[in-house]
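Novice: One structure, as structure tokens, below. Some questions next.
The values are calculated or read from the model by the stated rules, or taken from the named source; none is laboratory data. A quick note: this is a predicted structure, and the numbers were derived from the prediction, not measured. Cβ coordinates were reconstructed from backbone atoms using ideal geometry, including for glycine residues, and neighbour counts include every protein chain displayed. Keep in mind that these areas ignore ligands, DNA and RNA; they rest on the heavy atoms of the full protein, side chains included. Shrake-Rupley method; radii C 1.70, N 1.55, O 1.52, S 1.80 Å.
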Amino acid sequence: MTQEPMRERRTVTARELAGRFGVSPRTVVRMVAEERAAYEDRSRQRRDQIVELHRQGLKGYEIARELTISAGLVSIRLKEARSAGIDLSRYAAGESPATGRSGERRGRTP
């Protein structure tokens, strides 16, 4: 799957662009808006990052600093994950997502 390059944010408002090009602000917003599927995919990836960092033991403000987002957004996403039934338990020291407590692979029997 190829990823689209990250779109830069506008440095001027839709109203300023509309005035410059003689169209309505709504037209500007519609023409430069990110596709819904791309937005949802980016949002899902960010939520997964937040959950993973939480499982690694980072606090909300540390996750926010790491991902350059607000601590409030971290809190909201973790609350949504809890209500969706996502396991938010933290890993034990030295444990990774693919291994068990003793370093053995999870879900496999010898």
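Novice: With a 1.4 Å probe and all protein chains kept in place, how do 63, 69, 86 rank by accessible area, largest first?
Specialist: Reading off the accessible areas and sorting them downward yields 86, 69, 63.
Novice: How much length would be gained if the chain were fully extended between residue 76 and residue 56, taking 0.36 nm per residue of separation minus their Cα-Cα distance, in nm to one decimal?
Specialist: That pair, residue 76 and residue 56, stretches by 5.4 nm at full extension.
Novice: Okay, moving on. Based on the mean of other beta carbon atoms within 10 Å per residue, what is the order of 74-85, 30-41, 45-56, most packed first?
Specialist: So the order, starting with the most tightly packed, is 45-56, 74-85, 30-41.
Novice: So between residue 89 and residue 15, what do we pick up on full extension, going 0.36 nm a residue minus the alpha carbon distance?
Specialist: 22.1 nm
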